[in-house]
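Visitor: Got a structure for you, written out below as structure tokens; questions coming shortly.
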Amino acid sequence: MKVEQLTCSIGAELIGVNLADAVHDDDLFAEIRAQLLKHRVVFLRDQDITRAEHVAFARRFGELEDHPVAGSDPEHPGLVRIYKNPEQPMDRYENAWHTDATWRDAPPMGCVLRCVECPPVGGDTMWANMVLAYENLPDDVKLKIADLRARHSIEASFGAAMPLEKRLALKAMYPDAEHPVVRTHPETGEKVLFVNAFATHFSNYHTPDRVRFGQDANPGAGELLRYLISQAYIPEYQVRWRWKPNSIAIWDNRSTQHYAVMDYPPCHRKMERAGIIGDKTY
């Protein structure tokens, strides 16, 4: 296996690998996992694998999860179909920097995403290194956020465009999750800046050491949250991947954010993603 690093901060392409082989080859899978932890997102071209092989490879990391809004393949639970076409209004929920499903108490450990069909130009996906984003924060900001926790909401994102009753039913099924603003990666021990587009507010900001008067709470907390979320926008933390059919991206959802660039209407874009169940955050 040849490993070609794509940027100084994140991302590598694995060359000469067939993921179908890694379903049964323990040494090959272990090497892929090691490269994933090192580079945070790894890419492969020309992976003409079946849906069953896609699911079987992803399951080597752990059990898979379904998505309550996006549809899954009925014959392969856990394989979420992200299909965009010009006949339907464009779904813009992907069009923001986010970490998948942080509205869950235990967000996904990672994802394996395969391109089925894509436009000839456009529809790239970008990833950002949120370990580096935390490391480069000013010391006074690190001190300020060390004990902060934030709420993450499916209601305020996927549910926002739903009718009221359906939106409230979605929230009842998936109440807002609370995570530390600075997460510790469970395998590497690294500190990760862990707020994204699903984060709505801090749960424990309004304390005497941060707020003199009540009117300090909302602008102070809101400005800080926006600043932290904006760290993913910094190009030096990013990698951008151009899709081709049968290309695959595998990413560590615990230490990255990603952004699906929607610059391709009216073309089709069909992706299939297996999300791996993760751990509670600490």
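The values are calculated or read from the model by the stated rules, or taken from the named source; none is laboratory data. A quick note: this is a predicted structure, and the numbers were derived from the prediction, not measured. Here the Cβ positions follow ideal geometry from the backbone for every residue, glycine too, while neighbour counts run over all protein chains shown.
Condition check ((1) in the same structural domain as THR188 (by TED's automatic domain parsing); (2) over 17 Å from ILE229 (Cα atoms); (3) in contact (Cβ under 8 Å) with a residue 60 or more places away in the chain) across all residues:
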residue: TRP97; (1), (2), (3): no, no, yes
residue: ASP100; (1), (2), (3): no, no, yes
residue: GLY110; (1), (2), (3): no, yes, yes
residue: LEU113; (1), (2), (3): no, yes, yes
residue: GLU135; (1), (2), (3): yes, no, no
residue: PRO138; (1), (2), (3): yes, no, no
residue: LYS144; (1), (2), (3): yes, no, yes
residue: ALA150; (1), (2), (3): yes, no, yes
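Visitor: Is it the case that region 215-231 has a residue that's basic (Lys, Arg) and either assigned to a loop (DSSP other than H, G, I, E, B) or in the same structural domain as ALA12 (by TED's automatic domain parsing) (or both)? Don't jump to the end; show me each part of the working.
Guide: Here is the first cut: in region 215-231, the ones basic (Lys, Arg) are 226.
When the remaining residues are screened for being either assigned to a loop (DSSP other than H, G, I, E, B) or in the same structural domain as ALA12 (by TED's automatic domain parsing) (or both), the result is none.
Looking for residues that are basic (Lys, Arg) and either assigned to a loop (DSSP other than H, G, I, E, B) or in the same structural domain as ALA12 (by TED's automatic domain parsing) (or both), one finds none in region 215-231, hence no.
Visitor: OK, next. Restricting attention to region 1-34, report how many residues are assigned to a strand (DSSP E or B) and loosely packed, with under 15 Cβ neighbours inside 10 Å.
Guide: From region 1-34, those assigned to a strand (DSSP E or B) are 2-5, 12-15; that's our starting set.
The next check asks that each one be loosely packed, with under 15 Cβ neighbours inside 10 Å; those that pass are 2, 4-5, 15.
Qualifying residue count, region 1-34: 4.
Visitor: State whether one or more residues within region 48-68 are farther than 17 Å from ILE250 by Cβ, of a type in the set (Asp, Glu) and surrounded by fewer than 16 Cβ atoms within 10 Å (Cβ to Cβ).
Guide: Checked region 48-68: at least one residue is farther than 17 Å from ILE250 by Cβ, of a type in the set (Asp, Glu) and surrounded by fewer than 16 Cβ atoms within 10 Å (Cβ to Cβ).
Visitor: Looking only at region 126-149, decide whether some residue is part of a loop (DSSP other than H, G, I, E, B), farther than 27 Å from THR207 by Cβ and at pLDDT 95 or above. Lay out the reasoning, then the answer.
Guide: Going residue by residue through region 126-149, those that are part of a loop (DSSP other than H, G, I, E, B) are 136-138, 146-148.
With the extra rule that they be farther than 27 Å from THR207 by Cβ, the set shrinks to none.
Scanning region 126-149 turns up no residue that is part of a loop (DSSP other than H, G, I, E, B), farther than 27 Å from THR207 by Cβ and at pLDDT 95 or above.
Visitor: In this structure, is ASP209 part of a loop (DSSP other than H, G, I, E, B), modelled with pLDDT under 95 and among the acidic types (Asp, Glu)? Can you show your working first?
Guide: Values: part of a loop (DSSP other than H, G, I, E, B): yes; modelled with pLDDT under 95: yes; among the acidic types (Asp, Glu): yes.
Yes.
Visitor: Considering ASP209, ASP279, ASP216, which residue is closer than 30 Å to LEU19 by Cβ and of a type in the set (Asp, Glu)? Break it down into steps so the answer makes sense when it comes.
Guide: Values: ASP209 fails: closer than 30 Å to LEU19 by Cβ; ASP216 fails: closer than 30 Å to LEU19 by Cβ.
Result of the check over ASP209, ASP279, ASP216: ASP279.
Visitor: State all residues of region 170-198 that are over 18 Å from ARG226 (Cβ atoms), in contact with a Lys or Arg (Cβ under 6 Å, 6 or more places away or on another chain) and part of a loop (DSSP other than H, G, I, E, B); if no residue qualifies, say none.
Guide: ASP176, HIS185
Visitor: Same structure, new question: So, of the residues in region 35-47 that are out of contact with any Lys or Arg (no Cβ under 8 Å at 6 or more places or on another chain) and of a type in the set (D, E, K, R), which turns out to be surrounded by the most Cβ atoms within 10 Å (Cβ to Cβ)?
Guide: Going through region 35-47, the residues out of contact with any Lys or Arg (no Cβ under 8 Å at 6 or more places or on another chain) turn out to be 35-44, 46.
From the residues that got through so far, the ones that are of a type in the set (D, E, K, R) too are 38, 40, 46.
Working: LYS38: 13, ARG40: 26, ASP46: 12.
If we take residues in region 35-47 being out of contact with any Lys or Arg (no Cβ under 8 Å at 6 or more places or on another chain) and of a type in the set (D, E, K, R), then ARG40 is surrounded by the most Cβ atoms within 10 Å (Cβ to Cβ).
Visitor: Determine which single condition LYS270 fails, assuming it passes every other condition in (1) under 19 Å from the mean Cα position of the chain (by Cα); (2) among the basic types (Lys, Arg); (3) more than 14 Å from TRP127 (Cβ to Cβ); (4) part of a loop (DSSP other than H, G, I, E, B).
Guide: With (1) under 19 Å from the mean Cα position of the chain (by Cα); (2) among the basic types (Lys, Arg); (3) more than 14 Å from TRP127 (Cβ to Cβ); (4) part of a loop (DSSP other than H, G, I, E, B) applied to LYS270, the lone miss is (4).
Visitor: Quick one: is ASN253 at pLDDT 95 or above and surrounded by 15 or more Cβ atoms within 10 Å (Cβ to Cβ)?
Guide: Working: at pLDDT 95 or above: yes; surrounded by 15 or more Cβ atoms within 10 Å (Cβ to Cβ): yes.
So ASN253 passes the test.
Visitor: Looking only at region 232-250, which residues are in a strand (DSSP E or B) and surrounded by 17 or more Cβ atoms within 10 Å (Cβ to Cβ)? I'd like the intermediate steps shown before the answer.
Guide: Let us first name the residues in region 232-250 that are in a strand (DSSP E or B), namely 238-241, 248-250.
Passing the criteria: GLN238, VAL239, TRP241, ILE248, ALA249, ILE250.
Visitor: Within region 150-169, can you find the residues that are part of a loop (DSSP other than H, G, I, E, B) and surrounded by 14 or more Cβ atoms within 10 Å (Cβ to Cβ)?
Guide: First, pick out the residues of region 150-169 that are part of a loop (DSSP other than H, G, I, E, B): 153-163.
Those that are part of a loop (DSSP other than H, G, I, E, B) and surrounded by 14 or more Cβ atoms within 10 Å (Cβ to Cβ): SER153, ILE154, GLU155, ALA156, SER157, PHE158, GLY159, MET162.
Visitor: Also, quick follow-up: Name the residue that is nearest to PRO175 (Cα to Cα), counting only residues in region 61-104 that are among the hydrophobic types (A, V, I, L, M, F, W, C) and modelled with pLDDT under 80. Walk me through how you get there before you give the answer.
Guide: So in region 61-104, the residues among the hydrophobic types (A, V, I, L, M, F, W, C) come out as 61, 64, 69-70, 79-80, 82, 90, 96-97, 101, 103.
Still in the list and also modelled with pLDDT under 80: 69-70, 90.
Details: VAL69: 15, ALA70: 18, MET90: 27 Å.
Once the filter is applied, the top-ranked residue is VAL69.
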